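Novice: My structure is below; once you've seen it, I'll send some questions.
Here, each number is a calculation from the coordinates, and none is a lab measurement. Just so you know, these numbers come straight off a predicted model, no measurement behind them. Virtual Cβ from ideal backbone geometry, glycine too; neighbours counted across all protein chains shown.
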Amino acid sequence: MLVTTTPTLDGLRVIEYKGLVTGEAIVGANIVRDIFAGIRDIVGGRSAAYEKELEQARNIAMEEMVQKAASMGANAVIGIDLDYETVGGGGMLMVSISGTAVVVDQ
């Protein structure tokens, strides 16, 4: 499945628009990891634990969106938009992704 943030795919022509597809993922944060992440933030380091959680949530949301597009008969998703939010008082991270499922000639 071709996936892009751009509204078109170079060299390919959209022959059918299937519609909007979305994917969401919410991951919880671990209290021990939160404490260590806070300490690392104070000294200016990067929080590998949070980065891993963020990557996992993004991958889940992307896979959900791609599966929905495939079930509609699409072979690409264009115009993708990713959003990140905290929910539940900051205890959880939500990643949402949306795009347009299309069929392109290959």
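Novice: Measure off 7 Å from each Cα along the Cα-to-Cβ vector at residue 22 and residue 5, then give the distance between these two points in nanometres to one decimal.
Specialist: 2.1
Novice: I'd like the Karplus ³J(HN,Hα) series for segment 77-84: coefficients 6.51, -1.76, 1.60, θ = phi - 60°, whole numbers in Hz, and an x wherever there's a Gly or Pro.
Specialist: 10, 10, x, 5, 10, 10, 10, 10
Novice: Mind giving me the FRET efficiency for residue 14 and residue 54? R0 is 41 Å, r the Cβ-Cβ distance, nearest 0.05 is fine. Working shown, then result.
Specialist: Numbers: r = 31 Å, r/R0 = 0.75.
Once the sixth-power term is evaluated, E becomes 0.85.
Novice: Another question about this same structure. Considering only the other residues whose Cβ falls under 11 Å of the Cβ of residue 22, what net charge follows from Lys and Arg at +1 and Asp and Glu at -1?
Specialist: Numbers: positive: 68; negative: 24, 64, 81, 83.
Local charge sum for residue 22: -3.
Novice: For residue 92 and residue 71, FRET efficiency with R0 = 25 Å and r from the beta-carbon atoms, rounded to 0.05? It would help to have the intermediate numbers written out before the result.
Specialist: Numbers: r = 27 Å, r/R0 = 1.09.
After rounding, the FRET efficiency stands at 0.35.
Novice: Provide the net charge surrounding residue 94, with neighbours chosen by a C-beta distance below 9 Å and charges set as Lys +1, Arg +1, Asp -1, Glu -1. It would help to have the intermediate numbers written out before the result.
Specialist: Values: positive: none; negative: 24, 83, 85.
Combined, the nearby Lys, Arg, Asp and Glu give -3.
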